[in-house]
Structure formats: structure tokens, C-alpha cells
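The values are calculated or read from the model by the stated rules, or taken from the named source; none is laboratory data. If you're wondering where the values come from, they're calculated on a predicted model, not measured in any experiment. Backbone-built Cβ (ideal geometry, glycine too); neighbour counts: all protein chains shown. SASA here: full protein model, heavy atoms, side chains in, ligands and nucleic acids out. Shrake-Rupley method; radii C 1.70, N 1.55, O 1.52, S 1.80 Å.
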Amino acid sequence: MIAVVEPATEQVMAEVPRAGVEETDAAVAAAKAAFPAWRAVAPGDRAAILRALAAALEANAGELAKLEARNAGKPIRDARGEMAMVVECFRYYAGAPERLLGRTIPVAGGVDMTFREPLGVVGLITPWNFPLVIASWKVAPGLAAGNTVVLKPAELTPLTALELERIALDAGLPKGVLNVIAGPGSVCGKRLVEHPDVAKIAFTGSTEVGRGIAAGAAQTIKRVTLELGGKSANVIFADADLGAAAAAAPLAVFANSGQDCCARSRILVERSATDAFMSELERAVKAMHVGDPLSEETEMGPLISADQRRAVASYVGDDAPVAIRGPAPDGPGFWYPPTVLAPVSNSDRAAREEVFGPIACVIPFDGEPEAITLANDTIYGLSGSVWTRDGAKALRVARAIETGVVSINSNTSVRVTTPFGGFKQSGVGRELGPDALDHYTEVKNVFYATEEG
Ligand code: NAD
């Protein structure tokens, strides 16, 4: 059994069966058996099933949000927002089965046409930081394109994925189309990556594990999409609305306790604005509500585990001085206060590695070229922001930053309708928006001869 721990109390909140290789193979076999019938479901009928699933998830959203908030230690308001996105994601991709268009291409001697075919069984491996929402980014386009799915959630947070399987069956998804296995990555995840009957792996997790997955998948030439780590820059120019930038900066790092691949954990501030920015930032960090995930006013909960807290703490006291510390409760729970290190050099360990905890580095810069150089001086390329009132400069810098997503005068990264993914070692492929469907289909080219010879 897997003992599922509630990070805010350190108590076991549930026990679920631990899957191994045998259960993984059984799930793949069930998905393989279900594939021919699922791909043959008429597009409108497949769309209707996905809409019914979205409605069932919406009906269960309150309970799912509570489960996620307790299991992942995230504020209930955030968990509700995530469940709304899960519902929106299934609704959005319910529109896909009837819109997976091919092309006709002028050729000699006949008619040439393309089709978007499903891949077969897709293996989805997801992390513990946004458990159900990240699963939905993969499950919804995967099913919409006519694939069958084996989903392996993170061991620490399997509960909402198991609920998704139950809700989907109740909503009319045929048996075997979606299979959830809760078990260790090194056993079940590894088996999915190696399994000859799995056509594709969609993985979200650390860059380190992602490297192993890319190597493992190469043995059977699987399609692979990877959403990996980040070390995103929040670039704040002196001509920005500093009050707005400073008020928004804490949650751009500390939301989800900093356990966010899009965390803007490197705050690059133009040197002439550093003092004004730091005093605004201090006020905002000190005012944060850190505590019980189920409380309506909470903005930041605990870290996911004691191990994670140990790893996060190792970044403090290394190179850079602690400039600001926010609040954190005492007692049980894997708490760690929101912490700002300043001034930090971009070569310091805390500025180079993905901390995945509530630690922000403030790095001063002089002028636009240095801002771009520093923002790009990282192996990662997932997300980022530019704050300035100069529109042309905002667009120049946004285009020059080597990341998959950049926001101007905003710290948002993810929308159901727009592509999301990484440059460099932050990943391969795109999720969400229309782009995700390319990664769950193969292009088939068919030529029909109309002339002799
Ligand atoms: P992780 O890499 O440790 O685990 C992710 C998943 O992979 C889990 O389900 C785990 O069981 C599984 N896994 C572990 N070893 C495996 C193996 N050898 N073979 C197959 N599967 C294996 O990541 P995590 O600690 O759960 O999540 C944190 C990481 O995820 C961070 O690096 C974060 O940046 C990244 N992340 C990225 C995105 C994104 O969209 N780019 C989103 C969220 C999280």
C-alpha cells in the first residue's frame, strides 16, 4: 500500500494499493484492448463523452479541490482554480474530435490527402505539484485524438487521479480507455517507458528524470513530450509600475510554496530601482498568509515533504544573504517561510538550480542588454516576465528571452487555449492549445490514383 501523507499535518490521510510491474502491464494490456473500439467511436460521440466527463468533473469539483488541497498542501482557493481549469481543459478538447482536419495536396495522377491518426496507447507520467491539472493537460487531448491512456500520477499525490478514473467510468468513458496506476516512478514509470505496446510518453517532472525518460524511450523509438524544470526570470525595469511589479512578485515565486515549474525565482531588477523595489517587496512578503491550506485566506501552504524541505533549506546560507523572510507556522507540517535572497549573483547556486521551494533571488542588472544576457544565462527556458511601461522594449525583451512562454506586465504562464512548454532543457513539445493535438496524433498521407500508370 501507499500511505498518502497530508503535508500540513504530517498525518496519513489515505492508503491506496501500490502498483508494480504486473499492474502496469495489465493497465497497458487493457488500454491496448480498448484502443480499436475507442478510435472507431464517431467524432461527435467521442466529443459527447468528453463533455459528459467535463460535466461530471464540474459536479465533483468542490470535493476534488479539497482532496487536492489536503494532499498537495496547496491553498484551497488555488485548488479550486485548478479544478476549474481541469473542467475547462476537458471542455476545450471535447471540441477536437470533430476538428482534427487533414489536408488535400495537389499531386500528379490522383488525389493526395492527409489524416491525423491516433498513436495508440499513450503513457502519461505526472508530478506532485499540480496533480490533476497537469494530468488533464495530457489526458484530455490524448483521449480526444482517439488514444487510450495509462496515467501514472506521482506517488505522493495519487488521490485525484484515482478519482478521475472513477468519475470518467461513471460519466460513460468505456472501460480500459483510461487506466490509472499509482506506484513508484522507478518501477511503474520505468515500465511504461520501456513497454513495447506504449506508443508515446508524455512526462512532466524534473529535468533529471526527463533525461532518463528520453534515453529509455529511444529504445523503442517512442514519441516523447517532456515538460521539465525551470529557473524563470522576472525582469523588472526601472520604468515599470514598480508598485504593481513588487506586489505581484511574491506569488510569482511563492505560489504553490515555490513548487512551480514556472516560478519566477530569479527577480532581475534594474539597479536604479532596486531600493524602491525591495521596500515594496518586503511589505508584500511580510503580509503573506502562510498556513492551513483549507483556510480561505491562505496564500501559501507547506512544502510537499520533509525531504523537499531539507533540499530547499540547503540553498540558504550558501552564497547570498537573506534579505526578507516572511511568516511560517510552527508545529507539525512541512513549513518553510517565503524567503528572499539579495543581492544574488547569477552564478550563485541558488540562482542556477531549480530550488522548487519558496526562495527568490534578487539579481540587479544595468540596462536592457544585461537583462537579456542574465535572463538567458541558464540551462532552462520555460517561462518568464517583463515589466516596463515602454511597449517596444517589452516586446524586444520578450522576443529575446529564450523561453516557451513570456508575459508582459503579468506573471501568468498557462491558459487552456494557448501553447505551453519549454525551450532548452525545460522540455520538448507543447501542451495545451491546438498545438498539444500534434503530439497525440501521427500524420497519415494517403494517395488515391485517379489516372492510369
Ligand atoms: P519527478 O521527476 O521526481 O517525478 C515526476 C514523475 O515521474 C512522478 O510520477 C515520478 O513517479 C515519475 N518518475 C520518477 N522516476 C521515474 C523513472 N525513472 N521513470 C519514469 N518515471 C519516473 O518530479 P516531481 O518531483 O514529481 O515534480 C517536480 C518537477 O516537475 C520539477 O522539476 C518541476 O519543475 C517539474 N514540473 C514541470 C512542469 C512543466 O510543465 N514544465 C510542471 C510541473 C512540474
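Points worth noting:
To keep it simple, each residue is scored yes or no on (1) aliphatic (A, V, I, L, M); (2) without any contact (Cβ under 8 Å) to a residue 24 or more places away in the chain; (3) under 23 Å from residue 302 (Cβ atoms).
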site: 328; (1), (2), (3): yes, no, yes
site: 340; (1), (2), (3): yes, no, yes
site: 344; (1), (2), (3): yes, no, no
site: 349; (1), (2), (3): no, no, no
site: 354; (1), (2), (3): no, no, yes
site: 368; (1), (2), (3): no, no, no
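- In segment 165-177, the residues that are in contact with a strand residue (DSSP E or B) (Cβ under 7 Å, 6 or more places away or on another chain) and touching a residue at least 60 places away in the same chain (Cβ under 8 Å): 168, 176, 177
- If you go through segment 181-217 and pick out every residue that is within 26 Å of residue 71 (Cβ to Cβ) and not in a helix (DSSP H, G or I), you end up with 10.
- Residue 46 open to solvent by 60 Å² or more (accessible area, probe 1.4 Å), touching a residue at least 24 places away in the same chain (Cβ under 8 Å) and at negative phi: no
- Positions within segment 318-344 being assigned to a strand (DSSP E or B), farther than 15 Å from residue 266 by Cβ and open to solvent by less than 70 Å² (accessible area, probe 1.4 Å), in sequence order: 322, 324
- Strands (runs of 3 or more DSSP E) contained entirely in segment 101-180, each with at least 3 residues that are under 23 Å from the mean Cα position of the chain (by Cα), more than 16 Å from the ligand (Cβ to nearest atom) and at pLDDT below 95: none
- If you go through segment 425-444 and pick out every residue that is within 12 Å of the ligand (Cβ to nearest atom) and open to solvent by 70 Å² or more (accessible area, probe 1.4 Å), you end up with 2.
- The residue of segment 185-204 that is farthest from residue 154 (Cα to Cα), among those that are open to solvent by 20 Å² or more (accessible area, probe 1.4 Å) and near the ligand (Cβ under 6 Å from one of its atoms), is 190.
- Among the residues of segment 376-396, those that are without any contact (Cβ under 8 Å) to a residue 24 or more places away in the chain and among the hydrophobic types (A, V, I, L, M, F, W, C) comprise 392, 394, 395.
- Residues (outside any loop (DSSP other than H, G, I, E, B), open to solvent by 10 Å² or more (accessible area, probe 1.4 Å) and within 14 Å of residue 375 (Cα to Cα)) located in segment 345-363: 352
- Selection of segment 263-308 for residues being assigned to a loop (DSSP other than H, G, I, E, B) and hydroxyl-bearing (Ser, Thr, Tyr) yields 265, 295, 298, 305.
- Candidates 357, 427, 433 - the one that is touching a Ser or Thr at 6+ places or on another chain (Cβ under 7 Å) and assigned by TED's automatic domain parsing to the domain that holds residue 86: 433
- Scanning segment 207-227 for residues that are under 22 Å from residue 155 (Cβ atoms) and touching a residue at least 60 places away in the same chain (Cβ under 8 Å) yields 207, 210, 213, 214, 224, 225, 226, 227.
- In summary, residue 4 fulfils each of the numbered conditions (1) open to solvent by 10 Å² or more (accessible area, probe 1.4 Å); (2) in contact (Cβ under 8 Å) with a residue 12 or more places away in the chain; (3) closer than 30 Å to residue 290 by Cβ with the single exception of condition (1).
- Qualifying position, being assigned to a loop (DSSP other than H, G, I, E, B), within 20 Å of the chain's Cα centre (by Cα) and at pLDDT 95 or above, among 239, 260: 260
- Set side by side, the residues 416, 386 differ, and just one is more than 16 Å from the ligand (Cβ to nearest atom), modelled with pLDDT of 95 or more, under 20 Å from residue 255 (Cβ atoms) and hydrophobic (A, V, I, L, M, F, W, C), which is 386.
- From the options 245, 217, 252, residue that is assigned by TED's automatic domain parsing to the domain that holds residue 387, buried (at least 19 other Cβ atoms within 10 Å of the Cβ) and over 16 Å from the mean Cα position of the chain (by Cα): 245
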